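Working notes, structure below.
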Amino acid sequence: MKVASLAFLYLTALATQAHASSSDAWAAYDKVALESCIKSSGLNDAKPVGTSAQFDDRVGYTAILMQGQYPQKHMVTEWDSIRTSGKTQ
């Protein structure tokens, strides 16, 4: 019984705690995701609309609705909203 108790205490002491990401880490992540989505949208003056959709960490994507102007000359007056997925990992 003592061996089992000591083994349990030893393993518990070795277990590391999970740490949440800092505010700075989230800000850096959001910046990278936004830059990726702006680039992938292909729109001029692309700006985010609403809030981003966070997917599971294993996916590595964040979806952001972008609004901007089409770059083609024949569509210069046309605006659209596009959902983009920025690869962040």
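FYI, it's all coordinate maths here, none of it is from the lab. Keep in mind it's a predicted model, so treat the numbers as computed, not measured. For neighbour counting, all protein chains shown are included, and Cβ atoms are generated from backbone atoms with ideal geometry for every residue, glycine included.
Here are the numbers for this structure:
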{"read-out": "Packing-based ranking, highest mean first, of 22-29, 2-9, 37-44, 57-64 given that Cβ atoms within 10 Å are counted", "value": "37-44, 57-64, 22-29, 2-9"}
{"read-out": "Extension gain from ASN44 to ALA28, taking 0.36 nm per residue of separation minus the Cα-Cα distance", "value": "3.4 nm"}
